[in-house]
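Notes for the one structure printed next.
The values are calculated or read from the model by the stated rules, or taken from the named source; none is laboratory data. The structure displayed is predicted, hence computed values, not measured ones. Cβ coordinates were reconstructed from backbone atoms using ideal geometry, including for glycine residues, and neighbour counts include every protein chain displayed. Ligands, DNA and RNA are stripped out before the accessible areas are found, and what is left, the full protein with its side chains, is counted by its heavy atoms. Shrake-Rupley method; radii C 1.70, N 1.55, O 1.52, S 1.80 Å.
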Amino acid sequence: ETEHTILSSSTRLWLSGCSGMWSPVRSSVAVSKLRHVYTAVGSQQTQTCLYSSGSPADAGEPPKVKLLLDGALVDSTTKNWINVVNPANQRVLSRLPLTTPVEFNAAVASAKAAFPKWRDTPLPARSRVMFKLQELIRAHTEELAHSITQEQGKTLADARGDVFRGLEVVEAACGIAPFMAGEAMENVATGIDCISIRQPLGVVAGICPFNFPAMVPLWMFPMALAAGNTFILKPSEKDPGAALMLAELALQAGLPKGVLNVVHGTHDVVNHILDHPDIKAISFVGSNTAGRYIYKRASEQGKRCQSNLGAKNHAVIMPDADVDSTVKALAGAAFGAAGQRCMAISTAVFVGGMDRWREPLMQAAKGLKMNAGWEKDTDIGPLISPEAKARCEGLIQSGVDQGAQLLLDGRGVSVPGYETGNFVGPTLLAGVQPGMRCYDEEIFGPVLCCMEADDLEHAVAIVNGNEHGNGCAIFTNSGAAARQFQNQVEVGMVGINVPIPVPLPFFSFTGWRGSFQGDLHMYGRAGVQFYTQLKTVTSKWAPASVPVPGSSQRLPGLDRVGA
């Protein structure tokens with residue numbers, strides 16, 4: 001047996017036969033002893049103590065998720081806990097605390113106390129912490145991906161992508177300096193100069209969704225910290241492991257205590273974030289209902305808020321589009337990650353009719369393999385919860401009830417070995433029209449609604465008629481059609497033969513209309529602007545104030561001194 005020393009001095013976690021990375025095989029000794037163990041974060045011979053646990057004798061109880069307060073991973077004193085559950089088999093992975101008001105206030109106080117020194121830390125020094133963080137994330141992508149697969153359900157390949165897309169934002173934060181630059185102009189009036197400088201806000205916060213446990217936290221805190229703010233992070237209560245691992249890696253990268261704090265909970269903790277007077281800005285990604293509430297309440301408190309909401313992303317398929325590549329793109333964008341992506345293609349609009357696309361699309365969807373995310377060759381994992389599964393299946397039935405044609409029904413599937421998992425298979429609904437619930441509402445499942453349009457103008461009208469404006473795509477070999485589409489569509493992120501056009505982080509994530517509330521988007525230049533504020537300095541120095549060596553002139557202001 002190998003003893004793994006925990007990084008935190010408070011507890012030790014004993015793993016049997018592990019060599020630094022745990023593989024989530026159901027029959028593993030580690031699982032049988034502790035029911036769930038997260039992989040090592042740190043060196044190959046260390047296991048980070050993100051969860052309270054004991055010796056193998058205590059293996060009957062799931063580990064308890066820790067808080068990160070003032071630079072230390074600590075146990076919560078709360079009496080209220082909720083389960084973190086593996087969506088593929090309903091196994092309780094850990095117990096998550098509902099952070100108490102005292103603990104929350106301590107997190108904010110720690111961040112507030114750390115702010116002055118962190119703000120005054122030179123920008124290159126802050127960037128070096130980000131450089132080290134990206135190095136550590138690269139080194140521990142597998143551990144992070146395994147945690148994501150266990151808690152969220154997505155495939156290991158998709159989980160690695162989750163980590164990598166967040167890593168790209170950390171890399172952008174390493175080069176934040178040009179976005180932090182101000183402006184200057186001399187002689188705006190005689191002898192008067194004017195400069196503008198960009199300064200951090202103070203304590204800011206992020207509220208994260210369940211669908212990207214690594215990427216979305218990394219959209220938020222690296223840019224905020226590199227800009228000189230301190231941060232309160234609230235991961236999703238459904239899958240907190242990756243975010244807590246990332247926070248631990250940030251400490252290893254050299255982040256001073258108090259600069260990043262992690263709290264857990266549900267609506268009460270969200271309200272604490274919205275109402276606390278020392279929190280100056282809030283980033284949110286999630287559903288329409290939650291996002292609109294958060295934006296309204298935060299704005300009423302005088303806080304900045306960027307609120308990324310729901311989506312209904314359309315793909316317009318022109319008659320000249322290549323069938324094979326387009327069908328593969330549609331299947332991946334609609335059904336990948338079990339449809340639990342805010343940039344998933346959930347509606348396909350076939351210009352000129354769907355007939356030639358029907359059979360290839362059905363075959364592609366039928367060829368996708370459902371299984372637990374860690375199993376080999378899995379294409380689609382489970383939905384996050386039984387409630388999400390029930391809602392998805394209910395919206396499929398509503399489409400049938402309202403006149404849509406069910407080409408492929410993914411309801412009622414059973415995955416051998418994971419019969420209790422929250423699985424819904426790829427589903428195709430044809431003849432969908434605006435006004436149907438399956439179209440008007442975000443399903444957040446592996447369901448593709450298929451519509452038809454007479455021409456490109458009709459397709460654009462369909463896209464623009466939907467309340468959301470997150471992402472869209474067009475598949476065509478016509479440059480003229482693509483240019484017309486990108487010009488006329490009222491959507492913030494457009495793909496041309498690219499199904500999921502999420503911008504790289506030197507741009508910004510630019511949802512429009514009903515998919516975003518706020519005026520400054522996440523990451524990129526807009527993200528830096530969100531986490532900073534401009535200060536303008538106007539200065540005048542009279543020429544007579546310049547000291548002249550050896551001058552016998554009396555200094556101004558000395559006349560009559562002492563008279």
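Residue by residue, here is whether (1) among the aromatic types (F, W, Y); (2) out of contact with any Leu (no Cβ under 9 Å at 6 or more places or on another chain) holds:
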{"position": "F104", "(1), (2)": "yes, yes"}
{"position": "P122", "(1), (2)": "no, yes"}
{"position": "I137", "(1), (2)": "no, no"}
{"position": "H140", "(1), (2)": "no, no"}
{"position": "L144", "(1), (2)": "no, no"}
{"position": "I148", "(1), (2)": "no, no"}
Can you name the condition, by its number, that T78 falls short on among (1) open to solvent by less than 50 Å² (accessible area, probe 1.4 Å); (2) under 25 Å from the mean Cα position of the chain (by Cα)? (2)
Quick check on A365: is it without any contact (Cβ under 8 Å) to a residue 24 or more places away in the chain, within 29 Å of A145 (Cβ to Cβ), out of contact with any Lys or Arg (no Cβ under 9 Å at 6 or more places or on another chain) and in a helix (DSSP H, G or I)? no
Just to be sure, is T326 modelled with pLDDT under 95 and assigned to a helix (DSSP H, G or I)? no
Residues (in a helix (DSSP H, G or I), touching a strand residue (DSSP E or B) at 6+ places or on another chain (Cβ under 7 Å) and over 17 Å from L123 (Cβ atoms)) located in segment 216-247: V216, P217, W219, M220, A243, L244, A247
With surrounded by fewer than 21 Cβ atoms within 10 Å (Cβ to Cβ) and out of contact with any Gly (no Cβ under 8 Å at 6 or more places or on another chain) as the only criterion, which of G336, G332 stands out? G332
When V537 is run through (1) of a type in the set (A, V, I, L, M, F, W, C); (2) within 25 Å of K328 (Cβ to Cβ); (3) more than 28 Å from the chain's Cα centre (by Cα); (4) loosely packed, with under 15 Cβ neighbours inside 10 Å, the failure sits at (2)
One residue from K389, K369 being more than 22 Å from E442 (Cα to Cα), under 27 Å from the mean Cα position of the chain (by Cα) and either modelled with pLDDT of 95 or more or among the hydroxyl-bearing types (S, T, Y) (or both): K369
All positions within segment 499-517 that are surrounded by fewer than 22 Cβ atoms within 10 Å (Cβ to Cβ) and touching a residue at least 40 places away in the same chain (Cβ under 8 Å): I500, P501, V502, L504, F506, W512, R513, G514, Q517
Qualifying position, being over 23 Å from R165 (Cβ atoms), assigned to a loop (DSSP other than H, G, I, E, B) and open to solvent by less than 30 Å² (accessible area, probe 1.4 Å), among V424, V463: V424
Residue that is least open to solvent (accessible area, probe 1.4 Å) [pool: residues in segment 178-200 that are out of contact with any helix residue (DSSP H, G or I) (no Cβ under 6 Å at 6 or more places or on another chain) and in a helix (DSSP H, G or I)]: M180
